[in-house]
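One structure is given here, and the rest of the page talks about it.
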Amino acid sequence: MWVKISRLRGDGGGAVAVELTDFSVFYNQDTVDNAAASIGNGKNKIVVEGGKIIKVSKDKDGIVTREVLTKKWTDWIDYWSVDFNFESKREIVRTKSEATGETEEVWTGDFIFENEWQSFRTKKDRSLELKTPYYNCQPGRYKVAVKVVDIFGNDTMKIIDVSVGGK
């Protein structure tokens, strides 16, 4: 996943925007040749080969055609979202202490991803925004988390160190 961070300076603070510039997958599920050999006349099958989704069809006369369904990198994305301050909310779990029998809260060492901005496709609207609006924040260092969910429901997250404002 490739992202671009844009910064604006303002009075006493700044703003950050995130742009998704590329996304790729390397899935393989079956092969075009196997699909072509296994389907009957008048049938089709979807395969994933070399990071592309390909529809393999066989007409009534047994002629095989291939149609690549993923034409550009954005075709793989179902949903993406941004947490502009990923380390702002610790992931806390409650556990029962074996020694005392009391419930205690323990930090897992991870953080909770908060959807502060998102863009997703619907059946009616297949478009996808690729840049967030500017998000205002105080000067300082932040970890911006970007999460992409692909069309198979697999999610990928990238965390980027960002400095905002300052002199």
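Throughout, read-outs are computed from the coordinates displayed, never taken from laboratory work. Here the structure is a predicted model, which means the values were calculated and not measured. Neighbour counts run over all protein chains shown; Cβ positions are idealised from the backbone, glycine included.
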Going through region 120-167 one residue at a time, which ones are touching an Asp or Glu at 6+ places or on another chain (Cβ under 8 Å), closer than 21 Å to residue 53 by Cβ and surrounded by 12 or more Cβ atoms within 10 Å (Cβ to Cβ)?
-> 120, 121, 130, 148, 149, 150, 151, 156
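Per-residue answers, yes or no, for (1) in contact with a helix residue (DSSP H, G or I) (Cβ under 8 Å, 6 or more places away or on another chain); (2) small (Gly, Ala, Ser); (3) closer than 28 Å to residue 126 by Cβ:
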site: 1; (1), (2), (3): no, no, yes
site: 15; (1), (2), (3): no, yes, no
site: 25; (1), (2), (3): yes, no, yes
site: 34; (1), (2), (3): no, no, no
site: 40; (1), (2), (3): no, yes, no
site: 57; (1), (2), (3): no, yes, yes
site: 77; (1), (2), (3): no, no, yes
site: 86; (1), (2), (3): no, no, no
site: 89; (1), (2), (3): no, no, no
Single residue of 17, 35 found to be surrounded by 13 or more Cβ atoms within 10 Å (Cβ to Cβ) and not in a strand (DSSP E or B) = 35
